[in-house]
Every structure is written in structure tokens, then in C-alpha cells.
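Report on one structure; see the data block that follows.
The values are calculated or read from the model by the stated rules, or taken from the named source; none is laboratory data. Since the model is a prediction, treat every value here as computed from it, not as a measurement. All Cβ positions, glycine included, derive from the backbone under ideal geometry; neighbour counts span all protein chains shown.
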Amino acid sequence: MNDLATAALPATPQRPACHADEWLAICALYADYAAALDARELDLWPGFFTEDCIYKLQSRENFDRGWPLATLAFESRGMLQDRVYAAKDTLFHDPYHQRHIVGLPRLLARTAPGWRCEANLLVMRTRRDCLPETLFVGRTLDHVVHTPEGLRLAERLCIFDNDLLPNSIVDPI
């Protein structure tokens, strides 16, 4: 009988070996991230990242071609905190709610500090008296690392497949 916490997911050519408890911790990080944003607890968002982090919202076309142009690009936790301040206190917009539907993370590669992961992502936006709208369809490419505080995102690239985004992206994806 295997102990789930120490059982290893078998390696395949597409997936490196990983202990189940580590994979479950990565899944919990993804779920907690989405739950915080869905609840609009924006002050929690920077805490999911390392101090020196990268966060980008980029079109699939630009990503696939290796072009650096991104809709949003931040290079530190401080920049993420600035974005939270802007979203909460300076940007005026119609109120809405976001709902993140996150696929299970796929482990791409083990790195010295953690894992390279990928997950499908759909973000819906709802407003009062309006039909829901698709805000984001795509995937995240992440570098999840071990820190003294637990798992954190050292890098998150949100790659959107849809050609157009709404006029404004206020809250994080």
C-alpha cells in the first residue's frame, strides 16, 4: 500500500518524476492564487510571488514569435504591489467579478529551486445585469520555486490565445 504523501508520480518522456505531496502543494498554490483573485483579495496577490519575479500578460502570437511586447509586464513584487494599489485606489471602472477556471498544472521540468509548470486558464468576467464575458483564454507558464515561506511564483507568463482583450485589464489574471 502506497502512502500518497510519499508516492512518486512516474516519470514519462513528457513529465519528470515528482512526489505526490509536492505536486499537491503546486496544485494548492494554483487554487489559492485563483481563489484570492476571484474573491478580489488583491492585497494577497503579490504574496504569491518571490521578491524578484516576472509577471507578464502576453499574446500567444508575440510569445510564439519570441517578441517581448506584452500587454502587462512587471519585474518585482514591488511592481505587483503598485498594480494592486492602482486597481483598488486609482482606476475607476464598472464593478465586476472574475472567475478563474484553472486546469491541473502540468510539470514540464524540474529546476534547482523548483518546477517549470504549465496550466490551462479561462477567466470569465461578470457584471451586474450583463451576460458573462470571456476575459482570457490561454495558459500560464510558471516557474514555481521553494522559499522559506513555501512555494512561490518566480515567473508567471499568462499567454492569451484570444486575439482581442477587453479595453481594460484592471485586476490581475
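Scanning the range 145-158 for residues that are crowded, with 21+ Cβ neighbours inside 10 Å and under 10 Å from the mean Cα position of the chain (by Cα) yields 153, 156, 158.
Of all residues in the range 134-163, those being free of Cβ contacts under 8 Å to residues at least 60 places away in the same chain, polar (S, T, N, Q) and in a strand (DSSP E or B) number 2. Only residues that are surrounded by fewer than 18 Cβ atoms within 10 Å (Cβ to Cβ) and within 24 Å of residue 105 (Cα to Cα) were counted across the range 129-144, and they come to 2.
From the list 34, 119, 86, 70, the lone residue that is among the hydrophobic types (A, V, I, L, M, F, W, C), assigned to a helix (DSSP H, G or I) and touching a strand residue (DSSP E or B) at 6+ places or on another chain (Cβ under 8 Å) is 34. For the range 103-121, the set of residues classified as farther than 19 Å from residue 50 by Cβ and surrounded by fewer than 15 Cβ atoms within 10 Å (Cβ to Cβ) consists of 103, 104, 106, listed by residue number. Could you please let me know if residue 20 is exposed (fewer than 14 other Cβ atoms within 10 Å of the Cβ) and either at pLDDT below 95 or not small (Gly, Ala, Ser) (or both)? So residue 20 does not fit the description; no.
If you go through the range 87-120 and pick out every residue that is over 25 Å from residue 162 (Cα atoms) and either in contact with a Pro (Cβ under 6 Å, 6 or more places away or on another chain) or small (Gly, Ala, Ser) (or both), you end up with 4.
Take the conditions (1) out of contact with any Cys (no Cβ under 9 Å at 6 or more places or on another chain); (2) of a type in the set (A, V, I, L, M); (3) not in a loop (DSSP other than H, G, I, E, B); residue 131 misses just one of them, which is (3).
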